[in-house]
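Reading through the structure tokens given below for one structure.
Bear in mind these aren't lab numbers, they're just calculated from the coordinates by the rules spelled out. Note that the structure is predicted; figures quoted are calculated from it, not measured. Using ideal geometry, Cβ is built from the backbone for each residue, glycine included, and neighbour counts are taken over all protein chains shown.
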Amino acid sequence: MTGRRVLVAMSGGVDSSVTAALLQEQGYEVIGATMQLWSDCLPHSEAESGCCSISAVEDARRVATRLGIPYYVFNMADAFTTAVVDRFADAYLNGLTPNPCLLCNRDLKFGLFLDKARELDCDFIATGHYARVWFDDARKRYCLGKGKDTGKDQSYALYMLTQEQLAHTLLPLGDLNKQDTRRIAARYGLQVAQKKESQEICFVPNNNYREFMEQYRPGSAKPGPIVNLEGDVLGTHTGLANYTIGQRKGLGIGGGKPHFVVRLEVDRNAVVVGAAADVYQTSCRAEDVNWIAVPDLDAPLQVDAKIRYRVEPAQAVINLEADGRVVTRFLRPQRAVTPGQAVVWYQDDVVIGGGIITR
């Protein structure tokens, strides 16, 4: 394996640090790099946390020094703003609930980062994701699978990767659990061995989406009616971006029985609410579909469908429509199937593909 060069995306955390250490141990020529995406580019960047904050860069630099590998910082702030942040804000204003990490993975972490790797004559890129990539001789395709650590599995967030990206991707943590990763970091003497994980989206301080939207798109929050399924006006909302499917708290309407957000209607700027049972759906459509384990869908397929990152997969059947969209029909109704989120289809531990849930 000596002579194979890999560019490792280093966030300053334990996962990416151990990724670099393991690949070096396996004989790869390792180069480390941090993508400067957002936090040091805008006024709220004084925060000490985040995947590209000053402290994160310094942690990554110290790990690279400890391992004796070259280290770079790539400024990708403009591309990140256009490809991720602007589209995130636009989606919210259009009544969707987006997952910006999906776009960041496809366009930045496995897109522009791969371009940078090629500029450095690297054969591969690597990240600290808990998932697995391999070439399946029977399928004649690169496959993506769940990580061994079911509590940390991140295959859902990588469903958008293309065959070209997968062919040049290494994920050495796929067969480890988090405890293994921390033990390896300690063995290497890496000071990030016990570093806490960031659970926040890097450009949304304190996970406060409402405050972010008010600052990033001033004046975009337009009040409108909250209506029930019969069309009766029950109250007034503060802007569609402040609500999501299945939400109960913060509606500001009485009436005795609880109300839940059933859908967001952009055309009439309305939040539609109903009873708890009304939040369950038996099917959904997905667009912008990416296939991984198969080149396309030519017949109905039984799968396990995951409609959000932190939910259990549900048994379903998927069908391809003439326009390229895919219909997922659940064997049991699913709660809060949310436009803007991804539905990802599995068979056992293998990712078949996925797409963005539409209205």
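Just checking the listed ones, T238, T328, T19: in the Gaussian network model of the chain with Cα springs under 10 Å, the one fluctuating most is T238. Entry note, the chain: relative contact order of 15 percent, from Cα contacts under 8 Å with a spacing of 6+ residues.
This model, with +1 at the C-beta of Lys and Arg and -1 at the C-beta of Asp and Glu, gives the chain a dipole about its Cα centre of some 820 debye. When Rg and the Kirkwood radius Rh are both evaluated on Cα atoms of segment 5-207, their ratio Rg/Rh stands at 0.95.
Can you tell me what the convex hull of the Cα atoms of segment 220-324 projects to on average, as an area in nm²? Over every viewing direction, the Cα hull of segment 220-324 projects on average to 9.0 nm².
Projecting the Cα atoms of A293, G239, Q281 onto the charge dipole of segment 206-330 (Cβ charges, centred on the Cα centre) puts G239 farthest toward the positive pole.
Quick one: divide the alpha-carbon radius of gyration of segment 279-357 by 2.2 N^0.38 Å and tell me what you get. Don't skip to the end; give the middle numbers.
Numbers: Rg = 11.1 Å, N = 79, 2.2 N^0.38 = 11.6 Å.
Output field value: 0.96.
Expressed in nm to one decimal, what extension gain is obtained for the pair N75 and Q347 from 0.36 nm per residue of sequence separation less their Cα-Cα distance? The partial results should precede the final answer.
Values: separation 272, 0.36 × 272 = 97.92 nm, distance 3.81 nm.
Difference between extended and current length: 94.1 nm.
Going 7 Å from the Cα of S220 toward and past its Cβ, which residues in segment 64-86 have a backbone nitrogen under 20 Å from where you end up? From segment 64-86, the list is 77-86. Taking trypsin sites (Lys or Arg not before Pro) across segment 96-148, the ones in a DSSP loop with at most 15 further Cβ atoms lying within 10 angstrom of their Cβ are R139, K140. With springs only between Cα atoms under 10 Å apart, run a GNM on the chain and tell me which of V337, V303, V233 wobbles the most. Comparing V337, V303, V233 in a Gaussian network model of the chain, the most mobile one is V233.
With contacts taken as Cα pairs under 8 Å at a separation of at least 6 residues, segment 215-359 carries a relative contact order of 21 percent. Convex hull volume of the Cα atoms of the chain, normalised per residue: 146 Å³.
Working value for segment 221-274: equivalent-ellipsoid semi-axes of 15, 12, 10 Å, each the square root of 5 times a Cα gyration tensor eigenvalue, largest first. Which trypsin sites (Lys or Arg not before Pro) in segment 187-281 pass both tests, a DSSP loop state and at most 12 other beta-carbon atoms within 10 Å? Here the trypsin sites (Lys or Arg not before Pro) that fit, given the DSSP loop and packing criteria, are K196, R248, K249, R268. Computed on the Cα atoms alone, the convex hull of segment 149-235 gives a volume of 227 cubic angstrom per residue. Take the residue pairs K116/K306; K222/K257; K140/K306; K109/K222; K152/K195; K152/K196 and return only those whose Cα atoms are more than 23 Å apart. Correct reply: K116/K306; K222/K257; K140/K306; K109/K222. Normalising the Debye intensity of segment 91-233 to I(0), with uniform scatterers on Cα atoms only, and taking log10 at q = 0.12, 0.15 Å⁻¹ returns -0.70, -0.95. Rounded to the nearest 500, the 222 nm mean residue ellipticity of the chain from helices alone is -5500 deg cm²/dmol, with -39,500 (n - 2.57) taken per DSSP H run of at least 4 residues. Residues V344, V133 in ascending order of nearby Cβ atoms (within 10 Å, fewest first): V133, V344. Principal-axis analysis of the Cα atoms of the chain puts helix 14-25 at an angle of about 30° to the longest axis. Only Cα pairs under 8 Å and 6+ residues apart enter the sum, and on that basis the relative contact order of segment 221-274 stands at 39 percent.
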